[in-house]
Each structure stands twice: as C-alpha cells, then as structure tokens.
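Below is one structure, written out as structure tokens; comments come after it.
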Amino acid sequence: MDNIIQGISNFRGNVFPGQQDMYRRLVRDGQQPKALIIACADSRVSPEHITQTGPGELFVCRNAGNIVPPFSQQNGGVSSAIEYAVIALGVRDIVICGHSDCGAMKGLMHPEALKIMPNVAAWLRHSHAASQIVCEAYPEGMDPKDRHRALALENVVVQLNHLRTHPSVAAGLAKGQLRLHGWFFELETGDLLAYCGAKGRFVPFTEADDEFPVAQAPAVRVAAPEIAGSLPHAAE
C-alpha cells in the first residue's frame, strides 16, 4: 500500500499538472474510446499498458478469466459494460483478451482447489464449454502446460460466442458496425496472438498481410435481405 500511496502522490504532484488540459478536455468533450476491451483481472495484464493507450482511448472491463456470460435478463456488470459501450459510446471494436499463466484457467483445470471459493467456481461455469472442448477435441494425456494453454485459448473463442448473444452486439454485427477480436497475451515474451476468424485459429499479428487479424469483420448480415434491402441501415 505504501507504493500505491507514493504513486498517487507522484501523479498528483508531477504527472497531473502536465496533463490537466487533457483531463479538462475529456470532461468537456466526454469520453470517446476507440474500443471495448474485456480482459482478465490478473494484475499482470494491463490493456492500457499493452496497447500503450492513454485516458479516454479504451473502455475496459476486467474480471477473473476474461469471461462474458451469455446474455440473460439477470443484470450483471459485464453485460452492462457491453451494452453501454456499444449503445452509449458507439465503440466499433470489442476485444476479448486472454493471457498465459491464467489463474482462472488453472482453477478450471483443478476444481477441487475452488471448494473454498464458491463464487469463483460459479463464475467459471461460463468457461465449461472451453473445458469440454479441450477434453474431447484434444489428445488425452497432454502435458499440463499444453493443456492449460489450450484451455486459455479456447476460452477466448467461447467468450466470443457468448458475446454474440448480447442484443446490442448482435444488432451491431447485423448492421456491419462492429468488429470482434480475440487476443492472447504471452506474459513471458510480450507477444500478442490474435484470433483469425477466417483461419479458425490464433496467429501472431505479424502474419497479417494488410490488416490485424479479426475474429469477425464488419459485414451487413440479415436473414431476410429481400426485406432489409429497403431499410436505410442495409446500405451503410
């Protein structure tokens, strides 16, 4: 706590004076973040640090395991953040960012360790599909480190699927106004992998030809194009 207090003091005395005009502008003009990033609460994973962005540039939601519960009528912090980011702030990109050495995924692998953490165990039920995928679609007897990595990567894809169930996201995708991204941050190397929807796998961003790989690119998609063709948004 002493380090935190010292940091606050340094910010107030040395950092904020040079940035006061920026903060005043952010108050005057409001926030206009470029993207919503849903990341793990792990203290080693800071979206702002990884992306080198400043105040007002990212709308960030963090929780254990970078989880997005499927949409339901029951209110929740993640669901509210998604809805606000898409509807009120008009973000055009949503990122789910997983990472290596994730404690939540270790808990998913070893549920016996969660007996004294019933809330964590209940929360991780939203990642059970990832666990089932690894159990049935990957080889038996994998090295524990490989199993953990596969689980963390599959969890990002599962949460992307959950994200699509949220009405604001579903509407944004149908209108071609949203891009979805799945990222995986390698703590040990600083490398960032991105899920490429076209290839169905994670790739280093250096593999991109012209653009950063995306899980789902913006494209108008409606089930009744013969009706939607007369609607204004279909031409946007």
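Per-structure values
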| read-out | value |
| --- | --- |
| Theoretical gain in end-to-end length, E57 to R164 [0.36 nm per residue, Cα-Cα removed] | 36.2 nm |
| Over the chain: helical MRE at 222 nm, DSSP H runs n ≥ 4 each giving -39500 (n - 2.57), nearest 500 | -11000 deg cm²/dmol |
| Calculated P(r) of region 114-236 - Cα pairs past 27 Å, % | 34 percent |
| DSSP bridge orientation in the chain - percent antiparallel, rounded to nearest 5 | 35 percent |
| Highest-first arrangement of 179-185, 144-150, where packing means the average Cβ count within 10 Å | 179-185, 144-150 |
| Base-10 log of normalised Debye intensity for the chain (one unit scatterer per alpha-carbon) at q = 0.10, 0.13, 0.17, 0.18 Å⁻¹ | -0.55, -0.90, -1.34, -1.43 |
| At R0 = 30 Å, FRET efficiency that the Cβ-Cβ distance of S80 and E140 yields, to 0.05 | 0.15 |
| Cα shape, region 1-98, gyration tensor, a/c 1.5 rule | oblate |
| The chain, relative contact order [Cα under 8 Å, separation at least 6], % | 18 percent |
| Kyte-Doolittle mean at least 0.5 and Cα axial length at least 30 Å: DSSP H helices in the chain | none |
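The numbers here are math on the coordinates, done by the rules we state, and not lab data. Computed from a predicted structure; not experimentally measured. Ideal geometry is used to build each Cβ from the backbone, glycine not excepted, and the neighbour counts take in all protein chains shown.
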